[in-house]
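Please read the structure below before turning to the comments.
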Amino acid sequence: MPKNPVLSLLPLVLASFSVTAPAYAQAPPAQQVDGTKIMTTAAERDQGDDYTRSMAWTFTTGGKERNSMKCTEIRKNYRGREGFNFKSVIRYSDPAKISRRSTLTWNYTDGRRQYWYFMFGFTTAKRASDLERVRSQSEVDFNLDDYVDINPGEESHTLLKSEKVQGQSCYVVESIPLKGGKKYSKRISSIDQQAFIPLRIEYYDRKGKLLKIMTITWQQVAGIWFWKEAGAENVRDNKKTFIRVDDVKVNTGYDEREFTNVALEKVK
């Protein structure tokens, strides 16, 4: 029986369709993120135009409390305007011996910082190269200026992986200082993928060994994320610093003049 010419061509027609899948059938690649974008987004998240917060610090060694203090911080966020990230005033209220002590920090976008401080017996605020001798004993092992308020441009950032922290999906980013003078050689941050807030930060010494671990829990005030509690543990000597944040107020309208050395001299 002679072959049907249509049937004999059918396998070739089917083969031609099987190898020419339409281009739109392929799923688009996932949006790429990198360490710099993640850390910049975290650093530049909304914190209001300004805020005030009360902080209670406790420093322990071997599980025993050694020092504690209370202070109030007011901060004005510039978001790069006039070359500033923020200006901050901290006024100490407890213990009594530091209750008339206050500090002023100007944090610039290029990584520079300027400091002033005022203490009992002073008539005018003084400039300082750093605030080591002014801070309370509770801040000796872990202070925010050296370990937390780091501008993204001061470090190089590499996305390492993703992991779960406190039940949240996080980006894990390695940050290495671009210049010397830091108290750590690198830090590894776990950044919440939705809120872009750090939940855990590891700090390593100059030999690349783990030095400190910081964990943070958060609260929302007027829809903005602020610390609720933070703990920094020195894994070498069992020293721990605990920070509790209360009474947060956002967008109170602080005037520029509140962040000058003259304002620092006002005892409140």
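The values are calculated or read from the model by the stated rules, or taken from the named source; none is laboratory data. Since we're looking at a predicted model, the values are computed, not measured. Every residue, glycine as well, gets a Cβ built from its backbone with ideal geometry; the counts of neighbours run over all protein chains shown. For accessibility, only protein heavy atoms count, side chains too; no ligands or nucleic acids. Shrake-Rupley method; radii C 1.70, N 1.55, O 1.52, S 1.80 Å.
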(request) Sort out which residues of the range 120-130 are at pLDDT 95 or above and closer than 15 Å to residue 92 by Cβ, and write them in order of number. (result) 125
(request) Tell me, yes or no, whether the range 140-151 has at least one residue that is assigned to a helix (DSSP H, G or I) and either touching a residue at least 40 places away in the same chain (Cβ under 8 Å) or open to solvent by 60 Å² or more (accessible area, probe 1.4 Å) (or both). (result) yes
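Would you confirm, using the coordinates I've provided, whether residue 183 is within 25 Å of residue 58 (Cβ to Cβ) and surrounded by fewer than 16 Cβ atoms within 10 Å (Cβ to Cβ)? Quick ask: steps written out before the conclusion?
Details: within 25 Å of residue 58 (Cβ to Cβ): yes; surrounded by fewer than 16 Cβ atoms within 10 Å (Cβ to Cβ): yes.
Considered against the rule, which asks whether it is within 25 Å of residue 58 (Cβ to Cβ) and surrounded by fewer than 16 Cβ atoms within 10 Å (Cβ to Cβ), residue 183 comes out as yes.
So, residue 68, is that one surrounded by fewer than 20 Cβ atoms within 10 Å (Cβ to Cβ), assigned to a strand (DSSP E or B), at pLDDT 95 or above and out of contact with any Phe, Trp or Tyr (no Cβ under 8 Å at 6 or more places or on another chain) or not? Give the derivation first.
Details: surrounded by fewer than 20 Cβ atoms within 10 Å (Cβ to Cβ): yes; assigned to a strand (DSSP E or B): yes; at pLDDT 95 or above: yes; out of contact with any Phe, Trp or Tyr (no Cβ under 8 Å at 6 or more places or on another chain): no.
It is false that residue 68 is surrounded by fewer than 20 Cβ atoms within 10 Å (Cβ to Cβ), assigned to a strand (DSSP E or B), at pLDDT 95 or above and out of contact with any Phe, Trp or Tyr (no Cβ under 8 Å at 6 or more places or on another chain).
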(request) Would you check which residues across the range 99-114 are in contact (Cβ under 8 Å) with a residue 24 or more places away in the chain, on the phi < 0 side of the Ramachandran plot and either open to solvent by 20 Å² or more (accessible area, probe 1.4 Å) or part of a loop (DSSP other than H, G, I, E, B) (or both) and list them? (result) 100, 101, 106, 108, 109, 110, 113
(request) Scan 171, 254, 204 and give me the residue that is within 27 Å of residue 90 (Cβ to Cβ) and modelled with pLDDT of 95 or more. (result) 254
(request) Identify all residues within the range 71-88 that are in contact (Cβ under 8 Å) with a residue 12 or more places away in the chain and either outside any strand (DSSP E or B) or surrounded by fewer than 16 Cβ atoms within 10 Å (Cβ to Cβ) (or both); write none if there are none. (result) 79, 80, 83
(request) Could you tell me which numbered condition residue 57 fails, if it satisfies all but one of (1) of a type outside the set (Ser, Thr, Tyr); (2) farther than 15 Å from residue 85 by Cβ; (3) not in a strand (DSSP E or B)? (result) (3)
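May I ask you to say which residue of 229, 233 is of a type outside the set (A, V, I, L, M, F, W, C), under 18 Å from residue 51 (Cα atoms) and in contact (Cβ under 8 Å) with a residue 12 or more places away in the chain? Let's see the steps before the verdict.
Working: 233 fails: under 18 Å from residue 51 (Cα atoms).
Of the residues listed, the single one that is of a type outside the set (A, V, I, L, M, F, W, C), under 18 Å from residue 51 (Cα atoms) and in contact (Cβ under 8 Å) with a residue 12 or more places away in the chain is 229.
Tell me, which residue of the range 161-178 that is open to solvent by 70 Å² or more (accessible area, probe 1.4 Å) and in a strand (DSSP E or B) is nearest to residue 204 (Cα to Cα)? Steps first, answer last, please.
Looking only at the range 161-178, we keep the residues that are open to solvent by 70 Å² or more (accessible area, probe 1.4 Å), and these are 161-162, 164, 166, 168, 178.
Now narrow it down to the ones that are in a strand (DSSP E or B): 161-162, 164, 168.
Values: 161: 18, 162: 20, 164: 21, 168: 24 Å.
Among them, the one singled out is 161.
Give the residue that is farthest from the chain's Cα centre (by Cα), with candidates limited to residues of the range 110-131 that are over 25 Å from residue 78 (Cα atoms) and of a type outside the set (Gly, Ala, Ser). Explain how you work it out, then say what you get.
As a first pass, look at the range 110-131 and keep what is over 25 Å from residue 78 (Cα atoms): 119-124.
Then keep just the ones that are of a type outside the set (Gly, Ala, Ser); that gives 119-120, 122-124.
Numbers: 119: 29, 120: 32, 122: 33, 123: 35, 124: 32 Å.
Ranking the candidates gives 123 first.
Is the range 31-45 home to any residue that is charged (D, E, K, R) and within 23 Å of residue 221 (Cβ to Cβ)?
The initial filter retains those residues of the range 31-45 that are charged (D, E, K, R), namely 34, 37, 44-45.
Then keep just the ones that are within 23 Å of residue 221 (Cβ to Cβ); that gives 44-45.
Yes: the range 31-45 contains one or more residues that are charged (D, E, K, R) and within 23 Å of residue 221 (Cβ to Cβ).
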